[in-house]
Each structure stands twice: as structure tokens, then as C-alpha cells.
Amino acid sequence: MHLISRPYRAFLIFNYVFLTFIALLSLFPILNVLSVSFSSSSAADSGQVVLWPVEFTWKSYDFVLQAGEFNTAFVNSVLRVVLGVPLSVLVTVLIAYPLSKENATFPQRTLYVWIFVFTMLFSGGLIPSFLVIKQLHLLDSVWALVLPVTVQVFNVLLMLNFFRNLPKELEDASLIDGASHWRTLWSVYLPISLPSLATILLFTLVMHWNSWFDGMIYMNDVGRYPLATYLQSILNMTSIPKTNLTLEQAILLKSVSSRTARAAQIFVAAFPILLIYPFLQKYFVKGLVVGSVKG
Amino acid sequence: MFRKAKVSRKNHQLHLMLIPGFVLILLFSYLPIVGLSIAFQDFNPIIGFKELRWNGLDNFHYILSLPDFKPALRNTVVISVMKIVAGIVVPVVAALLLNEVRSALFKRSVQTIVYMPHFFSWVILGGIVIDILSPDQGVVNVILGAFGVDPISFLSSNAWFRYVMVITDQWKEFGFSTIVYLAALAGVDQGQYEAALMDGAGRWRQTWHVTLPGIRPIVVLMATLSLGSILNGGFDQIFNLYNPLVFETGDILDTLLYRIGIEQAQYSVAAAIGLVKSIVSLGLIGLGYWLAYKIANYRIF
């Protein structure tokens with residue numbers, strides 16, 4: 001039985017109240033704009049919306065989802081995720097496995113690790129990277145959004161540290177039984193690395209979904225923008241362009257304002273992240289702790 | 001011996017596995033580093049790489065003569081330092097407070113909420129920030145208005161812009177940054193608390209003499225590692241929130257580089273800014289890792 005002193009009890013009460021306040025404060029901007037997206041344009045434009053939608057309506061979402069450009073951008077984002085995430089995870093594992101070996105068995109290891117880590121420490125930056133993409137004729141190709149970000153050295157280090165902490169006997173037994181490194185990696189290492197694989201998969205997924213800058217500089221054709229880039233270009237406009245509207249949109253425009261439409265766009269783009277958030281929270285936290293606090 | 005030889009004969013497989021990774025970083029990391037050589041040229045995008053016109057340090061002199069350069073450099077350092085300080089103080093305090101929570105359900109609920117903004121991009125969070133801070137409809141000014149405060153254009157005000165950047169940066173990252181400190185707090189030796197209790201130390205003195213020294217190494221580590229980001233300032237955030245009215249306090253090196261390089265297509269000048277930035281950052285990262293190694297005995301791999 002712990003004795004709780006009176007000042008400490010007062011602190012505990014303050015602590016619960018304060019943390020509740022901080023959590024609500026973090027949530028508030030998101031809830032407010034979410035409420036705006038579900039409010040009527042007149043309520044939103046006159047600043048009546050605080051925590052709940054005023055004059056609840058789906059019309060802003062109808063308006064956003066009617067836009068052809070929005071749907072094209074959504075498909076472009078899905079494409080970069082479908083191509084980029086598996087490729088990145090595959091290449092990451094193929095780098096991490098050899099580099100997780102001991103120096104005694106793989107003498108070049110230290111040099112190779114440095115070759116990868118150096119890219120984290122020093123980069124050519126925006127313009128030379130842009131020129132490389134241009135020279136490789138990758139402008140306006142989805143590969144410009146996939147290939148340059150395939151090797152994420154942070155993920156490599158995370159996977160590498162995970163492999164290093166596995167019992168050495170697993171590998172020895174497998175290799176001495178005559179299995180190749182490929183086979184050892186595939187049948188011995190990967191099956192017991194699923195949580196780490198899930199972590200880097202989610203890292204990569206979020207990175208691809210959220211990336212907007214590469215789309216902005218590597219895609220000249222707006223029709224090839226991924227969703228994040230499209231959203232960025234829309235949010236920079238002061239009002240919705242009144243051209244290129246479908247008939248349905250033109251009708252909806254009566255009850256939708258730039259503000260409510262923009263709020264709806266934000267949440268359609270955020271929706272996939274919200275959807276996988278429970279997994280993100282579970283694996284990111286684990287991955288971050290594994291990656292930073294090594295045994 | 002026989003076993004060793006048999007195993008090491010398979011080493012060529014290890015090299016083979018590395019090939020895709022090497023090809024990719026050669027193309028997309030090392031080739032751009034070579035491309036930084038255009039910083040010493042008068043590179044014309046129409047002529048391309050066929051005809052190289054070297055001009056020594058002309059681009060660097062030109063940068064120094066740009067009126068936008070010095071404010072951008074100053075803003076970058078000021079904003080970064082503010083963010084680094086906030087980025088240590090806020091998460092450490094939050095972690096200490098969360099650590100005192102006994103109800104697992106309450107703790108998990110708070111964590112679930114405060115981790116969330118980390119996973120959204122600055123495009124999404126920027127859109128939200130622009131909306132809530134809007135002078136005529138935004139909820140912040142609506143609430144302030146209820147207290148009789150006149151509307152404030154937070155994102156167009158040189159008095160406010162940097163603070164908005166630091167606060168919204170904390171909104172996005174503080175929760176997620178607590179993870180590392182919470183892990184460190186969980187690792188503090190429980191025996192020390194019992195020993196302190198035996199000595200008659202109350203809660204405050206336990207925190208002061210056991211908890212804080214327990215997480216000091218990780219705090220030092222995070223502080224030294226953040227040195228490398230001093231020249232960053234947060235491009236994604238600032239680019240999505242700034243406008244010409246706040247260039248004076250909000251324009252950073254990366255946004256300046258973007259405008260010169262991409263909007264004005266002055267490739268060589270922009271590359272020169274990038275080169276200086278990369279070299280200084282490398283030096284700072286090196287310094288940070290050296291300090292981390294000396295003080296906290298930390299190595300990245």
C-alpha cells in the first residue's frame with residue numbers, strides 16, 4: 001500500500017486535467033476543420049462552426065469526389081504506393097541482410113555500410129537531383145516518384161539492427177545444412193521478422209502517401225500529380241477555379257464554398273492515413289524503440 | 001576451418017544482394033553529388049552538359065550579393081534553434097507527466113491522440129492551420145473575437161509567423177517525440193526508486209535525483225543529434241504556410257533555393273546554395289555525432 005501525500009495527490013489531479021487539456025487541444029484543429037467540411041457553406045463562411053457541423057451536409061464531399069482531377073490524382077497516388085512500397089521493402093531487406101553479417105564473415109561490410117550511411121549525411125540537394133531525373137528522362141513518369149526514394153537508409157538501419165539481434169545459430173545451422181544466403185534470408189530470417197517488416201512497410205507507405213514535393217517538381221503534367229501534390233496545388237489557390245466543372249459540380253457550387261470544399265479535400269486525402277492509424281501506432285512505436293534503443 | 005570455408009564461399013551471394021541498392025543510390029544519391037559541380041559553372045539548361053562553362057566562385061559571390069540571402073540565413077538559424085529547443089523541452093515535460101499517469105487506459109488514450117498529427121503531411125496540416133488561423137472565418141479568431149480581441153492575421157504577420165511555425169511544429173511532433181523519452185523512463189532502474197524511498201525521498205526528490213539523471217543521456221543524445229538540422233528550418237511546413245508578406249521573418253534557405261532554382265531556373269546559383277548548405281550540415285552532423293559519442297557513448301551502427 002503506497003502512501004500518497006496530499007501535495008502529490010493535488011499534482012496527480014492537476015496532471016490528469018492538464019494532459020486531458022493538451023490532448024483536446026491537439027485534436028481541436030482537426031475536429032474543427034472536419035466539422036467545417038460537414039457544414040453548410042453559409043454556416044462555415046460566417047464563422048459559426050466550432051466543434052460540431054452546423055447544418056450538417058455531405059455536399060462538400062460530393063463536390064470534391066465529382067472532380068475528375070481529384071480522382072485521377074487519387075489513382076496516381078495508389079499507383080505510386082503499389083509500385084513503390086513492395087519494391088522499397090524488397091530492396092531494403094536485400095541491403096540489410098548482407099550488412100547485418102559480422103565483419104569476420106563479410107569483411108567489406110563496414111565500407112558498404114558507410115557508402116549507404118553517407119547518403120543520409122550529405123546530399124546533392126534539389127537541383128542536381130532534378131537534373132538527374134531529367135537526364136534519365138523520368139520527368140512525368142511514375143518511376144520518378146518511386147526509384148529515388150526506394151532506398152530509405154533509416155529503414156535499412158532499422159532492419160539491419162533487427163537482423164543483428166537474431167541468434168547467430170539460426171544462420172549457422174541453415175548455411176551449414178547447405179542452404180544459400182537467399183534461402184536463409186527467405187525461409188529463416190523473414191518469417192521471424194514480420195513485425196519489423198510491418199514497421200518498414202508502414203513507414204514507406206506513409207512516406208509515399210504523404211510525399212508531395214517530388215510530384216510538384218518531377219511532374220509537369222497536372223494529370224500525373226499524386227493526391228498530396230494535387231491537394232497542395234489546390235490549397236494554394238484562393239478560391240475554387242470555376243472552370244472545368246461538371247454539371248453536377250456547378251449545381252453543388254450553390255451550397256459549397258471554397259472553404260468547405262477545401263476542408264473536405266483535406267479529409268479525403270487524410271482518410272487513408274486515419275484508416276491505417278491503429279496499425280501505424282502499434283508498429284511505429286515498436287519500430288522506433290527497436291531502432292533507437294539497441295540491445 | 002572446413003565449415004568456415006564452406007560458409008564464406010557463399011559470400012558472393014551477399015554481394016549480389018547489394019547490387020539493386022547500390023545501383024539506386026549511385027543514380028539517385030551519388031550522381032546528384034557529382035552534379036553539384038554545376039555550382040562552379042554557368043550552367044545553361046538549354047545547352048545542358050555538352051558544353052561546360054566553368055566560372056569559379058562567381059555563383060557564391062552572387063549569392064552573397066542577393067538581398068534575400070542574409071535574411072533567409074538568419075531566419076533559418078533562428079527558426080531552427082527555436083524549434084530544437086521546443087522540440088526537447090516540450091516532449092521531455094510531456095513524457096514526465098505521462099509517466100506519472102497510473103491509468104493505462106487514460107495514458108493510451110492521450111498517446112493515441114497526440115501521436116496522430118505526426119502521420120499527416122504538412123500539406124494536410126498546413127491546410128488545417130490555414131483554415132483555423134484565417135482572419136475572418138478561422139475558429140481561432142472567432143474564439144479570440146468572443147473575448148473582444150480584434151482578428152489577427154497570424155500567417156501574414158512578421159510578429160507572429162515564427163511562433164506559429166514553432167507551435168504548429170510542436171503540434172505535429174511533440175507527441176511522437178515523447179516515445180523515445182517514455183522508453184528511457186521505462187528503463188530507469190526501479191531499485192533506485194526503492195533506495196530513494198528508503199532514504200525518505202518524496203516524489204519530487206525522486207524525480208529530481210533519480211528520474212532526471214536517468215533520462216539525461218537520451219536528452220543529451222537527442223540534443224546533439226539535432227545539431228545537423230540547424231540549416232533546415234522545415235521546408236515542407238514553411239513552404240505550405242508562408243507568403244511574400246512574411247519573407248522578412250519566414251523565408252528560409254530551402255524556400256529561397258526553391259524560388260531561385262525551380263521558379264527562376266537559375267540552376268547553378270541554387271546548386272551553389274545547396275552545396276554550402278550540405279557542407280555546413282555535414283560538418284554539424286559530424287560534430288553532433290562526435291559529441292553524442294563523447295558524452296553519451298552513442299554510435300549509429
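A few remarks follow.
- Over the C-alpha atoms of chain B, the Rg to Rh ratio, Rh being the Kirkwood estimate, stands at 1.07.
- Only one residue of B:GLY233, B:THR178, B:VAL269 has its Cα farthest out toward the positive end of the dipole of the range B:150-296, where Lys and Arg carry +1 and Asp and Glu -1 on Cβ, and that residue is B:THR178.
- Choice from B:ILE273, B:ILE124, B:ILE167 with maximal GNM fluctuation in chain B (Cα, 10 Å cutoff): B:ILE124
- Dipole of the range A:68-222 [Lys/Arg +1, Asp/Glu -1 at C-beta], most positive-end residue of A:LEU79, A:LEU126, A:ASN220: A:LEU126
- Sequence-separation-based contact order of the range A:68-222, relative, with Cα cut under 8 Å and 6+ spacing, percent: 40 percent
- The Kirkwood hydrodynamic radius of the range A:151-283, based on inverse pair distances between different Cα atoms, is 18.8 Å.
- When the range B:67-296 is described by a simple charge dipole with +1 on each Lys and Arg Cβ and -1 on each Asp and Glu Cβ, the residue from B:GLY283, B:VAL188, B:VAL164 located farthest towards its positive end is B:VAL188.
- Net +/- balance of residues flanking B:VAL81 in space, Cβ distance below 13 Å, scoring K and R +1, D and E -1: +2
- Considering only B:PHE28, B:PHE154, B:PHE106, the Gaussian network model of chain B with Cα springs below 10 Å gives its largest mean-square fluctuation to B:PHE28.
- Pairs from A:LYS101/B:LYS294; B:LYS83/B:LYS107; B:LYS83/B:LYS294 whose Cα-Cα separation, in the structure shown, is over 29 Å: none
- A Cβ-based charge dipole, computed about the Cα centre of the protein assembly as shown with Lys and Arg at +1 and Asp and Glu at -1, lands at about 1740 debye.
- Placed amide H near B:GLN41: partners under 5 Å, 5+ positions off or other chain: B:ASN55
- The HN-Hα couplings worked out from phi for the range A:208-220 by the Karplus form 6.51 cos²θ - 1.76 cosθ + 1.60 (θ = phi - 60°) are 5, 5, 7, 5, 10, 5, 4, x, 5, 8, 8, 10, 7 Hz, whole numbers, x standing for Gly and Pro.
- Computed [θ] at 222 nm, helices only, for the protein assembly as shown once each DSSP H run of length n ≥ 4 contributes -39500 (n - 2.57): -21000 deg cm²/dmol
- Reported to the nearest whole Å, the Cα centre-to-centre distance from the range A:4-47 to the range A:64-127 is 37.
- In order along the range B:208-219, the Karplus-derived 3J(HN,Hα) couplings, from 6.51 cos²θ - 1.76 cosθ + 1.60 at θ = phi - 60°, round to 5, 9, 10, 5, 4, x, x, 9, 4, x, 6, 5 Hz, and Gly and Pro are given as x.
- When you restrict to C-alpha pairs under 8 Å that are six or more residues apart and normalise by the size of the range A:159-239, the relative contact order lands at 22 percent.
- Taking N as the residue count of the protein assembly as shown, its C-alpha radius of gyration divided by 2.2 N^0.38 Å amounts to 1.05.
- Coordinate range along principal axes, alpha carbons of the range A:1-58, Å, largest first: 57, 19, 15
- At R0 = 41 Å, FRET efficiency that the Cβ-Cβ distance of A:GLU55 and A:VAL222 yields, to 0.05: 0.80
- Whole-Hz couplings from phi, Karplus 6.51/-1.76/1.60, listed for the range A:148-153; x for Gly and Pro: x, 9, 5, 8, 9, 4
- Taking the centroid of alpha carbons for each part, the range A:143-193 and the range B:42-88 are 40 Å apart.
- Peptide A:22-34, shielding by other chains (average Cβ, 10 Å cutoff): 6
- Averaged over peptide A:166-178, the number of partner chain Cβ atoms lying within 10 Å of each residue's Cβ comes to 1.
- With contacts taken as Cα pairs under 8 Å at a separation of at least 6 residues, chain A carries a relative contact order of 31 percent.
- Per-residue mean of foreign Cβ neighbours for B:109-118 is 6 (Cβ atoms of other chains, 10 Å radius).
- Among B:LEU256, B:LEU98, B:LEU16: highest mean-square fluctuation, GNM of chain B, C-alpha pairs under 10 Å: B:LEU16
- Listed peptides A:225-236, A:25-36 by packing density, highest first (mean Cβ within 10 Å): A:225-236, A:25-36
Values in this text are rule-based calculations from the coordinates and carry no lab data. Given the structure is predicted, the values throughout are model-derived calculations rather than measurements. Reconstructed Cβ throughout: ideal geometry from the backbone, glycine too, with neighbour counts over all protein chains shown.
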